[in-house]
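What follows is a single structure, written as structure tokens, with notes after it.
Rule-based calculations on the coordinates, nothing more; no lab input. Fair warning: this is a prediction, and the values are worked out from it, not measured in the lab. For neighbour counting, all protein chains shown are included, and Cβ atoms are generated from backbone atoms with ideal geometry for every residue, glycine included.
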Amino acid sequence: MTSPFDQGLALVRATADLLALDRRHPGQRLVERLAIPDKVVSFRASLQRDDGSVSVLLCHRVQHCDTLGPYKGGIRLHPSVDLDEVKALALAMTLKTALVEIPFGGAKGGIAVDPASLSRAELERLVRKYTSRLVNDIGPNSDIPAPDMGTGAREMAWIYDEYRKYNPVARAVVTGKPVGIGGSLGRTEATGRGVVCALLAAARRRGLSGYTVAIQGFGNVGAHAALDLAARGIRVVAVGDVAGAVHDPRGLDIPALVRHRDSTGAVAGFPGAEAIADPLTAPCDVLLPCALGGVITAANAEAIRASLVVEGANGPTTAEADAVLERRGVTVVPDILANAGGVVVSYFEWVQNREGFYWEEDEVNARMVRKLDKAFVQVAGMAEARGLSLRRAAYCLALERISQGMVARGAQ
């Protein structure tokens, strides 16, 4: 099976051929510069557990490309984290920031650990150790981490506090912080809200109305997307998480489902809903995969009933599945567009930290919507003009901007 990084790079190479980059910029080796990250840091973290034993954990930070600005990317805590996944996510972030035109490059970090297996004290020790080992590699002007799967505002606060031991004036070193210590209003909800923004734009383009939605993944992204949809009166008929899935054709009561998940730890057993095997293949018009990557595969792509897929997760659709969905006429809004709300509002937080002036939540949301709507219009316009899928059009726009930056800056 092709690795996630190789899959992403294959799409970059195909897009470069479409853009004729080698012919237009002979000898510049633009794709080769993206094939090898600028810097890869991997190291061991020896974590003393509360009982006195020691766990040995593998940690990574990949700084992929800073052509358009400082590195930017989340920190993921999950047992499946490995270097190839982190490289793939860093590449995707390079493309994402270019697509939505914010002045950042791409990075990603990760630790191969299940955060649920750690006590709060153990988790804090681990995050602080990770930060201290990277103190010379991250910074407000060089590499700005953010939350990802398994991390949130609490962990970002620990990173901020640990970094301040070495660089006292550093509020902009990390985004996704609690609001009380410099976080932006609207940052926690931003990725989910951005997914809904992309969904609404794509639904308008397809002429959909009265549509139903299924969501795979009910963490930060999926839950906030569901809450936003419910507030708009859009029926969410299926929701699933790692422990199970529920379905109600009349529409799930999303606020009640969130309360149920918070009290029980899962969506399974939600009163009045039917248990189903897989939300990915539930009857619906729109599907939001908002959990792990690689969940839509050649094995299940034929069974997906939605006519529109909006990728809330990073890399949820394999290349083989993407071809199946395209053949079937299913529109896919790619992850580098659909889930860009998080990095857009992270950029806003970074700007507010540097200015020392903070915006109201309505302003944050309005600025995010303008950014994402503009990007969608550009992607859809290129797709229609050149007969491309939204994914290929998004890659074309992003890669064109990155290559122009590379040529302008030179090779040294």
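Summary table below
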{"read-out": "Rough spin-label spacing in nm, given labels placed 7 Å along Cα→Cβ, for residue 142 and residue 82", "value": "3.0 nm"}
{"read-out": "Ratio Rg/Rh, restricted to the chain and using Cα atoms, in which Rh is the Kirkwood radius", "value": "0.95"}
{"read-out": "Relative contact order of region 281-412, defined on C-alpha pairs under 8 angstrom at six or more residues apart (%)", "value": "19 percent"}
{"read-out": "Sorted by Cβ neighbour density within 10 Å, fewest at the top, the residues 324, 333, 286", "value": "324, 286, 333"}
{"read-out": "Among 299, 245, 398: highest mean-square fluctuation, GNM of the chain, C-alpha pairs under 10 Å", "value": "299"}
{"read-out": "FRET efficiency for residue 32 and residue 132, using Cβ-Cβ distance with R0 set to 41 Å, rounded to 0.05", "value": "0.75"}
{"read-out": "Relative contact order (%) - region 189-338, alpha-carbon pairs under 8 angstrom, separation at least six", "value": "23 percent"}
{"read-out": "Qualifying lysines (Cα of each under 21 Å from Cα of residue 371; at least 8 residues distant if same chain)", "value": "72, 96"}
{"read-out": "Residue 385 versus residue 208: modelled label distance in nm, points set 7 Å from Cα along the beta carbon direction", "value": "2.6 nm"}
{"read-out": "Residues 290, 65, 396, 197, sorted so that the one with the fewest Cβ neighbours within 10 Å comes first", "value": "396, 65, 197, 290"}
{"read-out": "Kirkwood Rh and Cα Rg combined as Rg/Rh, region 189-338", "value": "0.93"}
{"read-out": "Highest-MSF residue in the chain out of 278, 228, 50 [GNM, Cα springs under 10 Å]", "value": "50"}
{"read-out": "Cβ-derived FRET efficiency at R0 25 Å, residue 351 paired with residue 25, nearest 0.05", "value": "0.20"}
{"read-out": "Per-selection Kirkwood Rh - region 282-412 (Cα, Å, 1 d.p.)", "value": "16.5 Å"}
{"read-out": "Label-zone membership for region 296-325, site residue 277, 7 angstrom Cα→C-beta point, backbone N under 17 Å", "value": "296-306"}
{"read-out": "Relative contact order of the chain, defined on C-alpha pairs under 8 angstrom at six or more residues apart (%)", "value": "16 percent"}
{"read-out": "Label-point gap, in nm, between residue 10 and residue 121 - each point 7 angstrom along Cα→Cβ", "value": "4.9 nm"}
{"read-out": "Ascending count of other beta-carbon atoms within 10 Å, so fewest first, for 247, 25", "value": "25, 247"}
